[in-house]
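Each value in this text was obtained by applying a stated rule to the coordinates, not by laboratory testing. Predicted model, so just to flag it, every value in this text is computed and none were measured. Ideal geometry is used to build each Cβ from the backbone, glycine not excepted, and the neighbour counts take in all protein chains shown.
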Amino acid sequence: MARYTTKYTGVIYRDSITNEKTDKTYYIRYKDINNKTKELKIGKYSEGVRENYCNQKRNEIITKLRLGEEPPAMANKKQKNSIAFKYLQDKYFETRRETKSKYSDIVTANKHLVPFFEKKNLETLTKEDIKALTKLLKTKTTPKGTQLSPKSRNNILTSFASIINYGLKEELIKNDVTKYIEKERIDNERERYLELEEINKLYEEVEHNPRLYLFCKLALTTGGRLGTILNISKMDLDFSNQIITLKDFKNNSTYKTFLTDDVTNLLSNYCKNLNQQDKIFIEPTTIQRQILKILHSLFNVGIDKEDRKNLVVLHTLRHTFASHLAIKGTPIFTIQKLMNHRDIKMTLRYAKLAPDSGRCAIQNLF
């Protein structure tokens, strides 16, 4: 990977991509006490990192190496403010995996947390400070001028708690104020599932498109999450036993479930020209967008997009799978197994217990 120098000695950058956009990743180079060259990643342009900041960090490290102590500027700052929240936040995000949610959380923290804690000493934060932050978030607005949703406010507080917990774990701070965080109770558990008539209506809408039709069939008869369905490969299919192996990315596991006769026939024809390693669905983003558009047009007319209880989304198909298993009297532990739920509490909302087998329950669906 090519690297480029800057006007500052020992400050370089490499081209990178963040969320499909061109970016720069900055590094600093210096000699350690053994005169060996070290290279340290500082951060990305998209995260707010700039060349002069990198130069400052490099000078601090060199000064510390030369004098065997912290640079005066840093020492004075620590004496005055303990550890700066922005510094702690940056160190925490360095440990996070490179995902879209990471960069979204960085933007959110810079917008809502950094300004609030900029002049505060983390070691002397009190319950009143946390209450003040919670109160302030209730006055914040989105770019559209609307108030932050309770879910957004809770997410900001979750990020704050994660940053503080990181500081405690790394012994960068000692004051645990996470015990003062009080999140809002949100009744947003999805209740909406598709009735049989609605399922047939969905099938009629997509039956002209083999890919979309197969996606809906798989989602409604396996209960797999979106990422699970879109990552099915031919090698995951056992046609002779009508079993499919599914990857659960949320739980970082794989599990097996059963295929209906109808879906088995569909897959058998669909996969004839595929190699074992080939995925069933190509262009997953397009499929996701198309299905979501259809669901909105069929079932969400007049429903507020913030109404999580009643809005039909892609996850509704998984919820429909479990709901209809429950309606047919499938035992709750069988539903847990078929949904690959780690905790039975996640499954308990679906059904009353009834004796039946998972295979029979799925074969009788829809």
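Brief remarks on what is shown
- For the pair ASN175 and GLU195 in one chain, pulling the backbone fully straight at 0.36 nm per residue adds 2.0 nm over the alpha carbon distance.
- Less than 5 angstrom separates the built amide H of SER16 from those of ASP23, LYS24, THR25, all sequence-distant by 5 or more or on a different chain.
- A Cα-only calculation for the stretch 82-186 places Rg and Dmax at 13.3, 40 Å.
- For CYS271, CYS54, order by how many other beta-carbon atoms lie within 10 Å, fewest first: CYS271, CYS54
- The order of THR228, THR63, THR22, THR158, going from fewest to most other C-beta atoms within 10 Å of their C-beta, is THR22, THR158, THR63, THR228.
- When you restrict to C-alpha pairs under 8 Å that are six or more residues apart and normalise by the size of the chain, the relative contact order lands at 10 percent.
- Local electrostatic count at CYS271 - Lys and Arg +1, Asp and Glu -1, tallied over other residues with Cβ under 13 Å: +1
- Exposure proxy ranking for HIS112, HIS324, based on other Cβ atoms within 10 angstrom of each Cβ and starting from the fewest, stands as HIS112, HIS324.
- Here the calculated FRET efficiency for PHE249 and ARG66, from their Cβ-Cβ distance with R0 = 51 Å, stands at 0.60, rounded to the nearest 0.05.
- Neighbours of ILE244, meaning other residues whose beta-carbon lies under 10 angstrom from its beta-carbon, give a summed charge of -1 when Lys and Arg score +1 and Asp and Glu score -1.
- Residue list for the stretch 108-148, given a label point 7 angstrom along the Cα-to-Cβ vector of ASP304 and an amide N cut-off under 14 Å: 146-148
- Within the shell of other residues whose beta carbon sits under 14 angstrom from the beta carbon of LYS31, the net charge comes to +4, with Lys and Arg scored +1 and Asp and Glu -1.
- Estimated distance in nm for a label pair at ASN269 and ARG342, the labels positioned 7 Å out from Cα along Cα-to-Cβ: 4.0 nm
- Identified option (computed volume of the Cα convex hull per residue in Å³; candidates [x] 259; [y] 198; [z] 166): [y]
- Sequentially through the stretch 155-168, phi angles give Karplus couplings (6.51, -1.76, 1.60; θ = phi - 60°) of 5, 5, 5, 5, 4, 4, 4, 5, 5, 5, 4, 4, x, 5 Hz, Gly and Pro residues having no value and appearing as x.
- Straight-line cross-link reach from LYS100 at under 12 Å between alpha-carbon atoms covers these aspartates and glutamates, not counting any fewer than eight positions away in the same chain: GLU20.
- The sum of -39500 (n - 2.57) across all DSSP H runs of n ≥ 4, divided by the residue count of the chain, sets its helix-only mean residue ellipticity at 222 nm to -14000 deg cm²/dmol.
- Evaluating 6.51 cos²θ - 1.76 cosθ + 1.60 at θ = phi - 60° for every residue in the stretch 279-290, the Karplus couplings come out as 7, 5, 10, 9, 6, x, 5, 5, 4, 4, 5, 5 Hz, glycine and proline recorded as x.
- Label-to-label distance, ASP15 versus TYR53, with points set 7 angstrom from Cα along the beta-carbon direction: 2.3 nm.
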